[in-house]
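Below: the structure, in structure tokens.
Taken together, the values in this text are just the output of simple stated rules run on the coordinates, not laboratory data. Remember, predicted model here, so these are calculated numbers, not experimental data. With ideal geometry, Cβ positions are generated from the backbone for all residues, glycine too; neighbour counts draw on all protein chains shown.
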Amino acid sequence: MIVSIPDAWIAARQSHNEFLLKLIDNFLDPKYKPRKGNKPPLRITIRFVSETKELLTSNSLADLLKSISIFNNYKVRALRSKPRFEAEISKLFNYRNFCAKKKSWDAYKLCTTSNITTCPYCQQLELPTVIDKVSGRGFRPALDHFFHKDQYPHLALSLTNLIPSCTACNTSLKGEIDFFENLHLHPYFDQENIKFAFLRVSGELFLWDDFSEVNDLLLIASPERTCEKTKKSISTFLINQRYQENHIKFEAMNYAQAKLDWESTKNNDQIAIIREARHNEVSLTQFDRSNYKNVRLGKLRADIHDALT
């Protein structure tokens, strides 16, 4: 991840957890009866769901990890019933059903509560949610299962396992990589640790005000502090490769030039427009440093801002 988003679902937390708890409680209800033609759930499935109920609605990474360890243990204990056990868990926490538009709580209603507008993994793509109230047609961001739903189906609907993201990061790049066995930065629980450096292709020290050729610019993302999770995140989501695209470099150059213009003229009372907008850097540079998480390429711009301030 490039930016941390710990409060992504703050407005949805109560509604989503009520939805999930109701799903679990209905399953655990002694009066629960499967649909006609279906077998009653295995006792081991009931025990697992009962044991992990509180963990699945927790806002703690430690609880998510604990639930995975318990799930892996139950798969071993299930012996010959393992396929059925996994199938029953997948059926209970049915993500495909959650994605269908319906009157009750679903993925679309969840996404309308999000305050995140850019993909936290790459910050290159925006994540709008648009729904037409009349027709019901619309679209929403992809929801990445940080711990993959096929490997850990009990977490398919857990709020802290659903990361609003772009399809490039979610499907094309992450795919089925196991983030439990290969921990990466978690957008909800880890601190930001990726910083952009700006260099010439020649490797010489780079100065923004001594630069004009986009092909001579290198944008390098690296960990601010030694961290294997950060290195894996940069590698998995191809951050350095994606930030070498010329259109990204042009946007970086344009912002840098606007920032340089502001810095060089903000105290110049001879320039009327600056005198009138002396305290309005945001309108002149089209970037608000305090809101960098919700701006496309915001972390890149923030690092340029800090370097030039």
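Observations on the model:
- Separation of the D178 and D150 label points, Cα + 7 Å toward Cβ, nm: 1.4 nm
- Entry note: the chain has Rg to Rh equal to 1.07, where both radii use alpha-carbon atoms and Rh is the Kirkwood radius.
- Summarising the overall dimensions of the range 1-92 from its C-alpha atoms, the Rg and Dmax are 15.3, 48 angstrom.
- Residue-averaged [θ]222 nm for the chain, counting only DSSP H segments that reach four residues, each worth -39500 (n - 2.57): -12000 deg cm²/dmol
- Difference of contour (0.36 nm per residue) and Cα-Cα distance, N294 to S104: 65.5 nm
- Model label sites at T265 and S135, defined 7 Å from Cα along the beta-carbon direction, differ in position by 4.5 nm.
- Ranked list, fewest to most other Cβ atoms within 10 Å of each Cβ, for T285, T117, T171: T171, T117, T285
- About the Cα centre, charge dipole magnitude for the chain (Lys/Arg +1, Asp/Glu -1 at Cβ), debye: 2460 debye
- Computed E for Q14/H247 - FRET, C-beta separation, R0 41 angstrom, nearest 0.05: 0.50
- With the charge dipole of the range 1-129 set up from +1 on Lys and Arg Cβ and -1 on Asp and Glu Cβ about the Cα centre, the Cα lying farthest toward the positive end among the listed residues P128, V49, P30 is that of P30.
- Residue exposure sequence - S81, S158 - by fewest surrounding Cβ within 10 Å: S81, S158
- Cysteines having no other Cys beta carbon under 4.7 Å from their own, within the chain: C99, C111, C122, C169, C227
- When each of D7, D190 is scored by the number of other beta-carbon atoms lying within 10 Å, the sequence from fewest to most is D7, D190.
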